[in-house]
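Scroll down for the structure; my scribbles are underneath it.
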Amino acid sequence: MGRVLALDYGRKRTGIAVTDELQLIASGLTTVSTFELLDFLKQYTQDEKVVRFVVGEPRQMNNMPSESETFIAPFLIQLNNNFPNIPIARQDERFTSKMAVQTMIEGGLKKKQRRNKALVDEISATLILQAYLNTIQ
């Protein structure tokens, strides 16, 4: 089948999660500097069969796009231009950062570990991906 790769896109860094080949399980992959994101994705898609990108869609409580969408939109164009054969889906990402921190608390991580924003971004990407998988299964 191929993998689905999710991105929790941010100005400084982007959390990345990926499914298994059967698209059953979402797992955190890594967090990379947003500046290096396209290079990372080019290498990853050479090594693994990626059949879809899922990019978090920041929304406000009234369901309007968040101001963060203004810097995600140009990235989506770049993503599509660099990977024209891989479709892009969007997934609501409201509350994923809060849910990621709660997951870290429940997992027993110490306060210092929970301040690791890269880990929060990776877990957020995993939550985005799992929410997407729940909508297609």
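Please tell me if Ile88 is surrounded by fewer than 16 Cβ atoms within 10 Å (Cβ to Cβ) and touching a strand residue (DSSP E or B) at 6+ places or on another chain (Cβ under 9 Å).
Yes; evaluated as a whole, the condition is true for this residue.
I'm checking my understanding of the structure. Among residues of region 5-28 that are outside any strand (DSSP E or B) and hydrophobic (A, V, I, L, M, F, W, C), which one is surrounded by the most Cβ atoms within 10 Å (Cβ to Cβ)?
Here the answer is Ile25.
Answer yes or no: is there a residue in region 46-58 that is touching a helix residue (DSSP H, G or I) at 6+ places or on another chain (Cβ under 9 Å) and either of a type in the set (Gly, Ala, Ser) or on the phi > 0 side of the Ramachandran plot (or both).
Yes; the residues of region 46-58 include at least one that is touching a helix residue (DSSP H, G or I) at 6+ places or on another chain (Cβ under 9 Å) and either of a type in the set (Gly, Ala, Ser) or on the phi > 0 side of the Ramachandran plot (or both).
Let me spell it out: the conditions are (1) over 21 Å from Val4 (Cβ atoms); (2) outside any helix (DSSP H, G or I); (3) at pLDDT 85 or above; (4) of a type outside the set (D, E, K, R), and Phe71 meets all of them except one. Which number is the exception?
With respect to (1) over 21 Å from Val4 (Cβ atoms); (2) outside any helix (DSSP H, G or I); (3) at pLDDT 85 or above; (4) of a type outside the set (D, E, K, R), Phe71 is out only on (2).
Going through region 41-68 one residue at a time, which ones are part of a helix (DSSP H, G or I) and crowded, with 16+ Cβ neighbours inside 10 Å?
Leu41, Tyr44, Thr45
Of everything in region 74-118, what is at pLDDT 65 or above, basic (Lys, Arg) and over 16 Å from the mean Cα position of the chain (by Cα)? Give them in sequence order.
Selection gives Lys110, Lys111, Lys112.
The values are calculated or read from the model by the stated rules, or taken from the named source; none is laboratory data. None of the values given here were measured: they were computed from a predicted structure. Cβ sites come from the backbone with ideal geometry, for glycine too, and all protein chains shown count toward neighbours.
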